[in-house]
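Taking it in order: structure first as structure tokens, then the write-up.
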DNA sequence: AACCCGTGGAG
DNA sequence: TCTCCAAGGGT
């Protein structure tokens, strides 16, 4: 009880003005929560504005094409969020008659909505008494209450959810949930937290045992693989070969055809690659130039990408999807492709 | 359970 | 340059 009173007092003085806090429209709150998954407010804010402007209501989103949604998401990353968002909008339009579900179980069942997001929507839009447990909450609770169990583990999840539920204010749930996340984002930050102005220093176990930098305990060490992609920039009769990606992390977006190789190789080795030969089989082609090597760092991959400018004399355009510069600009592309296009002023 | 998924900013 | 990681979720 002392905890939530202190927290709410801090919030009254320090809270951020954020556009999605001005509404109780579950659609708008849902959009904001999906955008903010693993994403900083400063990065997500402009996307939120664009998104709501383009799709003011759930039915606007449901009636859109997936490509439009991905185009608006371009540059934000984790593109499955955009695909799931669109899928779920259509699902709500059909299954729930366009009315956003108002109970926790139904909200949780939506694709792209997990424990955190379901609790957030339930709390912020419908004032249900559910604690949110996100990265901020885990960090704040682990430090103040000295919880050393990693949140990723099963027992860790139970500990943090139990503790969060116990601390939840029984009147101002929604504000309490906003407060603890703002507190984590502004005061109890991952690096160099502002302990000198923290209202919980006297009771904070991490602070008083000099363990601020050790909490929260995290398990996962992700493994990063290197990939070597050679994109083929084939401009034929004012059009580029440019096709839709049908699987993987960039599914639904577009890119140039590419030849992937196992390791860093030189030009002559590349031209002797089996996949290179298969791609160009009967074509008369000439390699005009190549780009620098782009290093594109993803969460699980380092992509080393080279773009090869190639002229093909006898290209059979029926075998490829070709688009004009104007069409290309309208299509959703991963950041890597966008950077290349900008660098070479293809558009 | 363990591993997968983007991008950019801070330090 | 390098590491960490941010309003997590799906498989």
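The values are calculated or read from the model by the stated rules, or taken from the named source; none is laboratory data. What you see is a predicted model, and the numbers here were worked out from it, not measured in a lab. Glycine also receives a Cβ, built like all others from the backbone with ideal geometry; neighbour counts cover every protein chain displayed.
Structure summary
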read-out	value
For residue A:317: the one exception among (1) in contact (Cβ under 8 Å) with a residue 24 or more places away in the chain; (2) surrounded by 15 or more Cβ atoms within 10 Å (Cβ to Cβ)	(2)
Test: residue A:140 is within 13 Å of DNA strand C (Cβ to nearest atom), part of a loop (DSSP other than H, G, I, E, B) and either surrounded by 15 or more Cβ atoms within 10 Å (Cβ to Cβ) or modelled with pLDDT under 95 (or both)	no
Helices (runs of 4 or more DSSP H) within segment A:1-115 that include 3 or more residues closer than 25 Å to residue A:175 by Cα	A:2-14, A:26-35, A:41-54, A:104-108
Some residue of segment A:215-228 being under 25 Å from residue A:66 (Cβ atoms) and part of a loop (DSSP other than H, G, I, E, B)	no
Lone qualifier among A:12, A:60 - being outside the structural domain of residue A:171 (by TED's automatic domain parsing), away from DNA strand C (no atom under 15 Å from the Cβ) and closer than 25 Å to residue A:167 by Cα	A:12
Residue match in segment A:171-190 (condition: within 16 Å of DNA strand C (Cβ to nearest atom), assigned by TED's automatic domain parsing to the domain that holds residue A:316 and either crowded, with 21+ Cβ neighbours inside 10 Å or not in a strand (DSSP E or B) (or both))	no
Sole residue being over 18 Å from residue A:119 (Cβ atoms), assigned by TED's automatic domain parsing to the domain that holds residue A:116 and within 16 Å of DNA strand B (Cβ to nearest atom), chosen from A:53, A:67	A:67
Lone unmet requirement of (1) more than 26 Å from the chain's Cα centre (by Cα); (2) surrounded by 19 or more Cβ atoms within 10 Å (Cβ to Cβ) for residue A:124	(1)
Which listed residue, of A:37, A:74, is within 22 Å of residue A:183 (Cα to Cα) and either out of contact with any helix residue (DSSP H, G or I) (no Cβ under 8 Å at 6 or more places or on another chain) or surrounded by fewer than 20 Cβ atoms within 10 Å (Cβ to Cβ) (or both)	A:37
Residues of segment A:233-265 satisfying the condition of being part of a strand (DSSP E or B) and either touching a helix residue (DSSP H, G or I) at 6+ places or on another chain (Cβ under 7 Å) or assigned by TED's automatic domain parsing to the domain that holds residue A:70 (or both)	A:236, A:240, A:255, A:259, A:261
Qualifying residue in segment A:318-335 (condition: part of a helix (DSSP H, G or I), under 26 Å from the mean Cα position of the chain (by Cα), within 26 Å of residue A:67 (Cα to Cα) and within 16 Å of DNA strand C (Cβ to nearest atom))	yes
Evaluation of residue A:293 against (1) loosely packed, with under 11 Cβ neighbours inside 10 Å; (2) within 34 Å of the chain's Cα centre (by Cα); (3) farther than 30 Å from residue A:65 by Cβ (one fails), failing number	(1)
First in segment A:118-136 and in contact (Cβ under 8 Å) with a residue 40 or more places away in the chain and more than 18 Å from residue A:184 (Cα to Cα), second anywhere and outside any loop (DSSP other than H, G, I, E, B) and within 16 Å of DNA strand B (Cβ to nearest atom), Cβ under 7 Å, 6 or more apart	A:121/A:33
Residue that is nearest to residue A:31 (Cα to Cα), among those in segment A:96-121 that are surrounded by 14 or more Cβ atoms within 10 Å (Cβ to Cβ) and more than 11 Å from DNA strand C (Cβ to nearest atom)	A:100
Residue match in segment A:143-151 (condition: crowded, with 23+ Cβ neighbours inside 10 Å, touching a helix residue (DSSP H, G or I) at 6+ places or on another chain (Cβ under 6 Å) and not in a loop (DSSP other than H, G, I, E, B))	yes
